[in-house]
Amino acid sequence: MKNSIRLKGLLLLLGLLLSTTLQAAITLSVDRNPAALDESFTLTLSSDESLDGEPDLSWLQREFDLVNQQQSSNFQVINGDVSRSISWTLTLLAKKSGSFTIPPVQI
């Protein structure tokens, strides 16, 4: 019984450690702030890991016109260490003047 409880506790701890180490770091950045009305700017969403899904960028359509969208991925092996990354680059044009806050992006 004690061994069963210890094993379950170790498995839970291992699961928690793996879930925190497998989370990708995701960053959002803009190439200029502020941007003038009728002036495009670039929004870049980057992850330090390869992701299975696509970011939900539906919120952009309310405030911005999407001029261009690109996706790139990178895979490297250096001295046996494997690294992957992915990024989305969006060229946007504001539909109206004002201040905008970028909300959390779901992937």
Self-check item: Tally, over the range 59-107, of residues that are of a type in the set (Gly, Ala, Ser) and out of contact with any strand residue (DSSP E or B) (no Cβ under 9 Å at 6 or more places or on another chain)
Solution: 4
Quiz item: Are there any pairs with C-beta distances below 8 angstrom linking a residue in the range 53-79 that is farther than 12 Å from THR91 by Cα to a residue that is open to solvent by 100 Å² or more (accessible area, probe 1.4 Å) and assigned to a strand (DSSP E or B), with the two at least 6 apart or on different chains, and if so which?
Solution: SER73/ARG84; ASN74/ARG84; PHE75/ARG84; GLN76/ARG84
Practice problem: Determine the pairs where a residue that is closer than 14 Å to LEU93 by Cβ, located within the range 28-50, has a partner that is exposed (fewer than 13 other Cβ atoms within 10 Å of the Cβ) with Cβ atoms under 7 Å apart, the partner being 6 or more residues away or on another chain. | Solution: LEU37/SER97; SER40/VAL67; PHE41/ASP31; PHE41/ARG32; THR42/ASP31
Quiz item: Pairs, please: C-beta under 6 Å, at least 6 apart or cross-chain, first residue within 20 Å of PHE41 (Cβ to Cβ) and in the range 80-107, second open to solvent by 80 Å² or more (accessible area, probe 1.4 Å) and outside any strand (DSSP E or B)?
Solution: SER97/LEU37
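The values are calculated or read from the model by the stated rules, or taken from the named source; none is laboratory data. It should be emphasised that the depicted structure is a prediction, and the values quoted were computed from it without experimental measurement. Because the Cβ atoms are built from the backbone with ideal geometry, glycine has one as well, and the counts that use them run over all protein chains shown. Just the protein is used for accessible areas: all its heavy atoms, side chains included, with ligands, DNA and RNA removed. Shrake-Rupley method; radii C 1.70, N 1.55, O 1.52, S 1.80 Å.
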